[in-house]
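See structure below.
The values are calculated or read from the model by the stated rules, or taken from the named source; none is laboratory data. Predicted model, so just to flag it, every value in this text is computed and none were measured. A quick note on method: Cβ atoms are made from the backbone with ideal geometry, for glycine too, and the neighbour counts reach across all protein chains shown.
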Amino acid sequence: MKLPGIQRRLGGACLIAIALAGAMASAARSAELPKRIVSLNMCTDELVLRLADPAHIASVTWLSQDPRNANMAEAARRIPANHGLAEEVLGFRPDLVVAGAYTTRTTAGLLKRVGIAVREFGVPRTIAETKTQITEMADLLGEPARGQALAAEIEQRLQALAARRVARPLRAIVLRPNGFTVGRGSLVDEILTRAGLVNIAAELGAESYGQIPLETVVLGRAELLILNDTPDGPPSLAHEILHHPVITELGNRLRLVALPTRFWTCAGPGVVDAIELLVRAVEEQR
């Protein structure tokens, strides 16, 4: 007859044990989370600044403190800067270093040799890869909820922009310094497509990044010419092509759109900002 009481006490004890085990596991996970994060790449800088607790960020690169190049410059200026040197990084006593797969290779290698935890991230070629990278970084930093929220925000904005696409896509081409353009197999190509544009370079079979003659802009019947030239940028031979008389003449017949490269260089909401800017350009062209 006393069994129900005993069962209740045992049940209560089990619940307490489960709660204690959960608390201990949570404490263990918290102890394992990185508390001194150093980033060696402008794109990993952005993800760390968006996802990590600011108190846990020991350093980001000096590049991220320049608003002309970076999307999170204001936040980056509140964090000590590094120039990608191993001796600098060691001075910050990091428990996690995040880096790009193609930058600061020597520094990343040296840090690994002395036992520092280093995680390298590649360059996303699609928006799907961009969201995956956000999730991976958030998990690494112990902030999965922030990663899920950021990825969800990006998807929500993409769906809203998709509803604004026009029935007939405009023809567009990207023209960068030295006559470089962006074709198939690139994040930029997907950005143009999602904005309701036909990427002339992809149509002509250009793969990823390559150079094009100015005649291609004319013969391709471009309606939008997308430039990353900025009026306050320093003069250079690389940018002279953007001031060629042919481009000037075309400017009277098509729309020139200035799209800062910081929008599409790194994984994050900047990619959606690029699409939104182009969607507005299409709407204004109509």
Please list, ordered by first then second residue, the pairs with beta carbon atoms under 6 Å, 6 or more apart or interchain, first in the range 177-200 and farther than 16 Å from residue 264 by Cα, second among the acidic types (Asp, Glu) and buried (at least 22 other Cβ atoms within 10 Å of the Cβ). none
Mind listing whichever residues of the range 121-151 are within 30 Å of residue 198 (Cα to Cα) and touching a Lys or Arg at 6+ places or on another chain (Cβ under 9 Å)? 124, 127, 134, 150, 151
What do you reckon, is residue 129 part of a helix (DSSP H, G or I) and touching a Phe, Trp or Tyr at 6+ places or on another chain (Cβ under 9 Å)? no
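Determine, yes or no, whether residue 106 is free of Cβ contacts under 8 Å to residues at least 40 places away in the same chain and of a type in the set (Ser, Thr, Tyr).
Details: free of Cβ contacts under 8 Å to residues at least 40 places away in the same chain: yes; of a type in the set (Ser, Thr, Tyr): yes.
When the stated conditions are applied, residue 106 passes them.
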What are the pairs with Cβ atoms under 8 angstrom where one residue, in the range 136-163, is in the same structural domain as residue 98 (by TED's automatic domain parsing) and under 21 Å from residue 96 (Cβ atoms) and the other, located anywhere, is part of a loop (DSSP other than H, G, I, E, B) and at pLDDT 95 or above? Sequence gap at least six, or different chains. none
Out of the residues in the range 147-177 that are of a type in the set (D, E, K, R) and more than 17 Å from residue 272 (Cβ to Cβ), state the one that is surrounded by the most Cβ atoms within 10 Å (Cβ to Cβ). 176
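Please determine, by comparing only the residues of the range 186-243 that are outside any helix (DSSP H, G or I) and charged (D, E, K, R), which one is modelled with the lowest pLDDT.
Within the range 186-243, the first condition is being outside any helix (DSSP H, G or I), and the residues that meet it are 186, 195-199, 204-213, 220-236.
From the residues that got through so far, the ones that are charged (D, E, K, R) too are 207, 221, 223, 229, 232.
Numbers: 207: 73, 221: 80, 223: 85, 229: 56, 232: 51.
The extreme case among them is 232.
Within the range 85-104, work out how many residues are part of a loop (DSSP other than H, G, I, E, B), modelled with pLDDT of 95 or more and either outside the structural domain of residue 38 (by TED's automatic domain parsing) or surrounded by 17 or more Cβ atoms within 10 Å (Cβ to Cβ) (or both). Lay out the reasoning, then the answer.
As a first pass, look at the range 85-104 and keep what is part of a loop (DSSP other than H, G, I, E, B): 85, 92-95, 101-104.
Imposing the further condition that a residue be modelled with pLDDT of 95 or more reduces the set to 85, 92-95.
Next cut, either outside the structural domain of residue 38 (by TED's automatic domain parsing) or surrounded by 17 or more Cβ atoms within 10 Å (Cβ to Cβ) (or both) only: 94.
So the answer is 1.
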